[in-house]
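*Asks:* Please see the structure below; I have some questions.
Laboratory data are not the source of any read-out in this text; all were calculated from the coordinates shown. Since the structure is predicted, the reported quantities are computational estimates derived from the model, not experimental observations. Note that we place each Cβ from the backbone using ideal geometry, even for glycine, and neighbour counts take in every protein chain shown.
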Amino acid sequence: MAKKFGPALTMIVGALMLTGCASTSRQTIDPSKLAAVSDGNCKAFAAKSRPMDANSGVVPDSLELANLASESAADAEGGADVDSEPTPPPALSQLPPFSASNMASPMPVGWRPWKINRNKTPTRYALTEVDHRLVLHAEADSSASGLYVPLVEREAGALRWMWKTRDVIRTADNGVSHREDSPLRIFVAFDGDRSTLPLRDQLMYEMARITTGREMPYATLMYIWGGRLPPGAVVNNPHTDRVRMIIVDSGTRHTGEWRCHERDLRADYRKAFGADPGKVIAVGLMTDTDNTKTSAESWYGDITIE
């Protein structure tokens with residue numbers, strides 16, 4: 001399952017460029033294509049969130065965490081890249097919280113690094129303590145890369161997270177390929193029956209498989225902090241409609257403060273794709289500024305999926 005998600009954007013862009021299908025036209029948002037708007041209230045979020053400890057079943061047990069920590073340290077030392085992994089990493093039953101990691105570790109436990117493109121500068125990620133909690137710090141400087149966790153196939157349920165950014169990317173436009181950047185993104189990858197897709201998409205998937213030796217996710221839902229469109233707007237990725245973005249925060253009103261979100265993955269998938277979702281197979285995150293050649297500084301708190 002990990003192979004399906006890690007290089008997803010690489011394959012999408014690469015395959016579409018090879019077939020000449022990449023688009024630079026700006027999408028007009030239909031008012032009917034608006035997803036529910038998150039509350040963003042961290043007090044309400046804290047009251048709903050379950051305790052994150054090994055006994056609750058929200059995180060892997062202590063032995064599994066120890067093994068994952070060892071793997072994460074080896075990845076950081078060896079400069080692991082999902083494009084060169086000889087075997088896929090194990091799929092987990094839950095997302096390891098950043099708060100359960102050790103600050104001495106270069107990477108958060110259980111999260112795997114992945115690159116958009118070997119020629120792109122990677123975004124810097126590191127654990128840090130902010131407001132008395134251990135979180136993930138992201139710094140992008142004309143760069144793009146992310147972290148991901150392959151998951152045991154599961155039904156689409158609730159996704160919860162908290163994040164913060166210093167500022168928006170003022171020249172970004174998520175509907176235009178050469179300006180498509182965001183200070184904060186969370187991805188959810190879904191499985192599905194590719195034989196039901198239009199011929200154009202099936203050819204794109206086959207081109208990706210031949211070119212990279214890996215399969216793309218059937219569909220990817222992405223939550224982002226936008227700079228122009230309103231919260232709730234659903235935006236097609238400018239390279240492929242198999243990736244849909246939902247803007248959950250937008251503009252500068254809440255920059256510099258923690259924002260907390262809870263999303264119904266099934267409802268959001270239906271709103272974005274107009275169909276019921278398949279099984280969730282991975283979750284990832286990314287802070288990127290490679291298209292706009294700007295910089296961004298952001299923070300991710302724990303992410304949970306139920």
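*Asks:* Magnitude of the Cβ-charge dipole of the stretch 86-156, K/R +1 and D/E -1, about the Cα centre, nearest 20 debye? Please report the intermediate quantities before stating the final value.
*Replies:* Numbers: 7 positive and 6 negative charges, 61 e Å.
Dipole magnitude for the stretch 86-156 comes out near 300 debye.
*Asks:* For the stretch 219-306, count the residues as N, evaluate 2.2 N^0.38 Å, and divide the Cα radius of gyration by that value, please. Could you put the intermediate results ahead of the total?
*Replies:* Numbers: Rg = 13.6 Å, N = 88, 2.2 N^0.38 = 12.1 Å.
Normalised Rg, Cα atoms only: 1.13.
*Asks:* Among K115, K120, K43, which comes first, then next, by fewest other beta-carbon atoms within 10 Å?
*Replies:* K43, K120, K115
*Asks:* On to the next question. Given R₀ = 22 Å, FRET efficiency for K120-T211 by Cβ-Cβ distance, to 0.05?
*Replies:* Working: r = 17 Å, r/R0 = 0.79.
Calculated value: 0.80.
*Asks:* Moving on to the next point. Multiply the residue gap between T171 and H132 by 0.36 nm, knock off their C-alpha separation, and tell me the result in nm, one decimal place. Please report the intermediate quantities before stating the final value.
*Replies:* Numbers: separation 39, 0.36 × 39 = 14.04 nm, distance 3.29 nm.
Residue separation times 0.36 nm, minus the Cα-Cα distance, leaves 10.8 nm.
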